[in-house]
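Notes for the one structure printed next.
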Amino acid sequence: MDRRNFITTASFGASALAIPHLVNAKASPKKEPTTDTANNFWPNGSRLAISIALQFEAGGQPISGAAGLIPEPIKKDYPDLATNSYFDYGVQEGIPRLLDLFDKYGVKATSFMVGKAVDNNPELAREIVRRGHEPAAHGKEWAWQYHLSKDEEREWIRSVKESIEKATGVTPLGYDCYWMRGSVHTLSLLQELGFIYHNNDLSRDEPYIQQLNDKPFVTMPYTIHMNDIGSYDFSGFSPADYEQQLKDEFDQLYEESATRRRMMLISFHDRISGHASRVRVIERFFKYVAQHSGVWYATKAELAQHALATPNITPLVTRDVAEKSGLAGNTNL
C-alpha cells in the first residue's frame, strides 16, 4: 500500500507481525561481513546495528501550549490552531512518507507512540505494525510524568500500554518518557508492567543491563545529537549538515565495530523528518549504508532481547539508588 492509498483508507485490521532479524538494504546486493571482524556481537554475523526510533506524537500534544515552530507563546488555554496543524503533518504526511522510505530499503524501526496520539489515530498505529515495525510506548500524553505519584505514574504507563494493545494487538516491550525524564520509580514500574527495556539514557553506544528487584532489565540508549528534534530545531543547521553528521557517526561506529559491540542510534519525529526534503537526506544515508556489509537495521525490542540472551558480552551496570546516583536504577523511595 502506498502513502496516498494509506491516507485515504479508513482502517486496517490489527496484526502482530514477526520482525525479521537481519535486513539488507534493497539498493545493494547482499554482502557478507568481512572475515576480519568480530562477528559475535550481533546475530547472523552482523557487524553494526542501526536502531531507528520513529516518534509518533502527533495528536498527543496539548491543544494549547505545545512547543512548535512559532517562538511567541500563545495566550493560556487558547487553542493553538497553527501549532496543532504543525503536529498534524506528522499523521497526514510525515509518518506515511517515512514508512514508504523504510519499505524501499528494508529498514525496520521502533515507533514510540503516545497513547493519546494512538487513540486519535489508531489506523496509523495499525499501519506502522502492519509494515513490520515495533510499537513501543511514549507516555499517556505528550507531557511530563516524573512529578506523578507512584500510583499515578503506574496508571500513566498502563494507559499507553493499553492504547497500543487496543489499536495494534501488540503488547509493547519498550518505553520512552517525554524528553527522557522519568521518576525514580519509572524503571521498577515498567518492569512490573511487563516491559523489558527503557529508552531514557544517553550514556553509551550499546545496550546494557541493570538488576532491578533481582531481575535483569535492559537500558536501550537514546540519542539527542542524532535526533532531528535536536538538529533541525536549531537555527543554522541544515539538512545537508544532518546528512554529513549521519555519515560521520556511521563511519566512526562502523570502524569501532571491528573490535567492539557498537550500535548507531537515530531518532526521527513524525512532524520533523517526514518533510519531503528531509526524507531525501535519509534516503541518501540509506544508500550510503548499503555500500557496507554486515549492517543490521534492528528494532529496539530485538536489540534488548539479544542483550538479555548474551549476558557474557552485555555490560552489567551496578549503581547506587537513583535518588543518590542521579541515574536511572533502583530506588529506596
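The values are calculated or read from the model by the stated rules, or taken from the named source; none is laboratory data. If you're wondering where the values come from, they're calculated on a predicted model, not measured in any experiment. When we count neighbours, we look across all protein chains shown, and the Cβ atoms used for this are built from the backbone with ideal geometry, even at glycine. To get the accessible areas, we keep the full protein, side chains included, count just its heavy atoms, and leave off ligands, DNA and RNA. Shrake-Rupley method; radii C 1.70, N 1.55, O 1.52, S 1.80 Å.
In segment 199-211 there is no residue that is buried (at least 21 other Cβ atoms within 10 Å of the Cβ), of a type in the set (Gly, Ala, Ser) and in contact with a strand residue (DSSP E or B) (Cβ under 9 Å, 6 or more places away or on another chain).
Residue-by-condition table, conditions (1) in a loop (DSSP other than H, G, I, E, B); (2) in contact (Cβ under 8 Å) with a residue 12 or more places away in the chain; (3) open to solvent by less than 10 Å² (accessible area, probe 1.4 Å); (4) of a type in the set (S, T, N, Q):
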{"residue": "260", "(1), (2), (3), (4)": "yes, yes, no, no"}
{"residue": "266", "(1), (2), (3), (4)": "no, yes, yes, no"}
{"residue": "279", "(1), (2), (3), (4)": "no, yes, no, no"}
{"residue": "293", "(1), (2), (3), (4)": "yes, yes, no, yes"}
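For segment 163-193, a residue qualifies if it is open to solvent by 40 Å² or more (accessible area, probe 1.4 Å), over 22 Å from residue 147 (Cα atoms) and in a loop (DSSP other than H, G, I, E, B), and the qualifying residues are 169, 171, 173. Taking the condition at pLDDT 95 or above, buried (at least 16 other Cβ atoms within 10 Å of the Cβ), at negative phi and of a type in the set (A, V, I, L, M, F, W, C), does residue 124 pass? Criteria met by residue 124. Scanning segment 306-333 for residues that are without any contact (Cβ under 8 Å) to a residue 60 or more places away in the chain, closer than 22 Å to residue 148 by Cβ and exposed (fewer than 11 other Cβ atoms within 10 Å of the Cβ) yields a count of 2.
Considering only residues of segment 132-156 that are free of Cβ contacts under 8 Å to residues at least 60 places away in the same chain and assigned to a loop (DSSP other than H, G, I, E, B), which is surrounded by the most Cβ atoms within 10 Å (Cβ to Cβ)? Per the stated criteria, the residue is 140.
For segment 60-94, a residue qualifies if it is within 21 Å of residue 276 (Cβ to Cβ) and open to solvent by 100 Å² or more (accessible area, probe 1.4 Å), and exactly one does: 69.
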